[in-house]
1. Suppose we filter Lys221, Lys191 for residues that are of a type in the set (Lys, Arg) and in a loop (DSSP other than H, G, I, E, B); which single one remains?
2. Considering only residues that are touching a residue at least 60 places away in the same chain (Cβ under 8 Å) and either open to solvent by 50 Å² or more (accessible area, probe 1.4 Å) or away from the ligand (no atom under 16 Å from the Cβ) (or both), which ones fall in the range 265-290?
3. So Ala154 fits all but one of (1) crowded, with 20+ Cβ neighbours inside 10 Å; (2) in a helix (DSSP H, G or I); what number is the exception?
4. Could you tell me which residue of the range 229-250 is nearest to the ligand (Cβ to nearest atom), considering only residues that are surrounded by 16 or more Cβ atoms within 10 Å (Cβ to Cβ) and hydrophobic (A, V, I, L, M, F, W, C)?
5. Quick check: anything in the range 145-167 under 21 Å from Phe233 (Cβ atoms) and β-branched (Val, Ile, Thr)?
6. Report whether or not Ala56 is open to solvent by less than 60 Å² (accessible area, probe 1.4 Å), closer than 29 Å to Asn199 by Cβ and free of Cβ contacts under 8 Å to residues at least 40 places away in the same chain.
7. If we keep just the residues of the range 182-201 that are open to solvent by 20 Å² or more (accessible area, probe 1.4 Å) and of a type in the set (S, T, N, Q), which is nearest to the ligand (Cβ to nearest atom)?
8. Would you call Tyr315 away from the ligand (no atom under 16 Å from the Cβ), surrounded by 18 or more Cβ atoms within 10 Å (Cβ to Cβ) and aromatic (Phe, Trp, Tyr)?
Amino acid sequence: MGRTPIVGHVIREFLPWRHMLTYIEAILRVYNRYGRRDNLWKARIKILVKSLGVEAFAREVEAEWAEVKDSPSTLTQEEVARVSAHFTAPAYEDLPAIDASYVQSLADSRSFSRWAERNVHPHRRPGYAAVTLSLKKTGVPPGDATAEQMDFVADLADRYSFGELRVSHEQNLILADVRKRDLFALWQAAKSQGLATPNVGLLTNVVCCPGGDFCSLANAKSIPIAEAIQLRFDDLDYLHDIGELDLNISGCMNSCGHHHIGHIGILGVDKQGAEFYQVSIGGRQGSAAALGQVIGPSFAAAEMPDVVAKLIDTYLEQRHEDELFVDTVHRVGIAPFKSRVYGAGHGRDGEGAAPPLSAAA
Ligand code: SF4
């Protein structure tokens, strides 16, 4: 991420596990030898890979690895077993895969089933599920929780998930090991504390950095933008119709809000002392990671909800059945989105149409 976002490259298709440490050591040795440690802005492996080229970098690593391949850092079965012993599974019960009371609750309560659809995830153990407690309630800064909520969540973890709680990079909390038969009670408890918004994966699950409200590096505020967008799209039926959509906001190029990989990414920029927002679309995380493409000149804060609405309208017109926003962007390119947002002729600075992202890549 940061000011020079780069999608990772494969430099070796297969590596036997016992060579994991020595191979990483070889990568670090190459970086230490050729990396730009003399320049704060360029002191990153990604910058070195970019300047050397992926193939050349991989060749250097292979040459270095030939020297350290069978060094004492080579992993052994015994060492892996020793470390693995510190990561034991919780004391799972043997449960049936289908829990009748859970199935009944899903049938009885539309609110519960909607939450389960978005915030409950499959588990490899029969009878268990993982749960996301949403910290994305409209009107609350994304990812924020009060001290009282944290105490409450700690109790939920003790009661329902072997005392373990995880924080996701999408600024939510995860209870990783919940019995299906406890899901209804957990939902009711979470709901009482405003932690059960059924929006995981949806537009209002905004990832947002602290921005100008808290961060001295910011070019612009980000939390009020997130709030304005959440308020504008606070209708759950509409949100579900739009489907999965990641919206990420950063207050400056440091990208703590991961705007480069948002299906819609928003970046705060400074224009002669005023706060503006640059918009990109088509980014995504995961195995098909991609960086978003900037659609054009930036916007004032007050314009942002309308801009997002126009992007979504364009998607709803263009989408194929069951096609996600980001897939539509990659299929049709950014031009139709740009036209809608900036008006005929592609607006403010007369920029022309861009090719589909896949073609551009
Ligand atoms: S992206 Fe910029 S403004 Fe936001 S938290 Fe990071 S450094 Fe601060």
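1. Answer to the check: Lys221.
2. Glu275, Gly282, Ala289, Ala290
3. It fails just one condition, (1).
4. Ile249
5. No, every residue in the range 145-167 fails to be under 21 Å from Phe233 (Cβ atoms) and β-branched (Val, Ile, Thr).
6. Taking the combined requirement at face value, the residue does not satisfy it.
7. For the range 182-201, the residue satisfying everything is Thr197.
8. yes
The values are calculated or read from the model by the stated rules, or taken from the named source; none is laboratory data. In this text the structure is predicted, and so the values were computed from the model without any measurement. Cβ: placed from backbone, ideal geometry, glycine included. Neighbour counts: every protein chain shown. Ligands, DNA and RNA are stripped out before the accessible areas are found, and what is left, the full protein with its side chains, is counted by its heavy atoms. Shrake-Rupley method; radii C 1.70, N 1.55, O 1.52, S 1.80 Å.
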